[in-house]
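> Structure below; questions to follow.
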Amino acid sequence: MTAATSVAIPAATLIVLRDRSDGPPDILMVERAATMAFAGGALVFPGGRIDAGDHALALAMGDSDLAPRLAAIRETIEEAGIAIGIAGEVESMRAALADGAAIADLGPVDPTPLVPYARWRPTHVPVRVFDTHFFLARLPDHAPDARVDATENSRVLWTTAAAALAAADRGEATLLFPTRRVLERLADHADVDAAFASAARWPVRTITPWVETRTDGDWVCIPDDLGYPVTAERASDAVRG
């Protein structure tokens, strides 16, 4: 099956933000384990596939469109030990999910703190194509320290968008094409409120990058009307899954 005909896997990811007193906001990221088949070794936002339990709870809540938000909440508990929109002892919830519990088993969930920010559906990957919803959320007051799951991921960190981009430019971090574009957009935000204002200003349309041949070579491109300050990168430099 080619990338063009692959069925996209529904997925969701959560950009957790916290304000700093001396600069732009911190962003929660995880480093994928090098052994992972998809994005091994890359810095990403916590996230993953939307599973049957997410869909079931969304339907029980009367809105099937909530499934991506529920998946983002669940995956952030699993991967980083941060719970947003759900009360309880995080490590107990994490252990329950690891044992096969569904998100509905953890208690009442409030998906309203999650705000849609982007949606990406690259089609270049020959085996796995993900249709990923990106959400913003503010780190809750009194949240515990983030903790790596040590299975899918090898590290969890708080970083600014500019610092993550600089690390990638120095060869100290790997950023997939969508992650880099999102970080460039986040780098424009002076604080968490500005990030939410950007989410309200720009529409969320599914972004499927394309390759454009120019006089100076091939470039991977995205639309220029969705709030991204950089809309093209040389194909030879783009990290694409």
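> Roughly how big is region 9-175's charge dipole about its Cα centre, with Cβ charges of +1 (Lys, Arg) and -1 (Asp, Glu), in debye to the nearest 20?
Using only the charged Cβ atoms, the result is roughly 480 debye.
> How large is the Rg to Rh ratio of region 12-94 when both quantities use alpha carbon positions and Rh follows Kirkwood?
Across region 12-94, the Cα-based Rg/Rh ratio is 1.02.
> Can you give the convex hull volume per residue for the Cα atoms of the chain, as a whole number of Å³?
Each residue corresponds to 132 Å³ of Cα convex hull volume.
> Cut-off is 10 Å between beta-carbons; in what order do Thr76, Thr208 appear when sorted fewest neighbours first?
Thr208, Thr76
> Mind sorting Asp22, Asp225 by how few other Cβ atoms lie within 10 Å of their own Cβ, fewest first?
Asp22, Asp225
> Taking 0.36 nm per intervening residue step and subtracting the Cα-Cα distance, what contour gain separates Ala232 from Ala95 on full extension?
Fully extending the segment from Ala232 to Ala95 adds 45.2 nm.
Read-outs throughout are calculated quantities, based only on the coordinates presented, and are distinct from any laboratory measurement. Bear in mind the structure is a predicted one, so any value in this text is a computation, not a measurement. Neighbour counts are summed over all protein chains in view; Cβ atoms, including those assigned to glycine, are modelled from backbone coordinates with ideal geometry.
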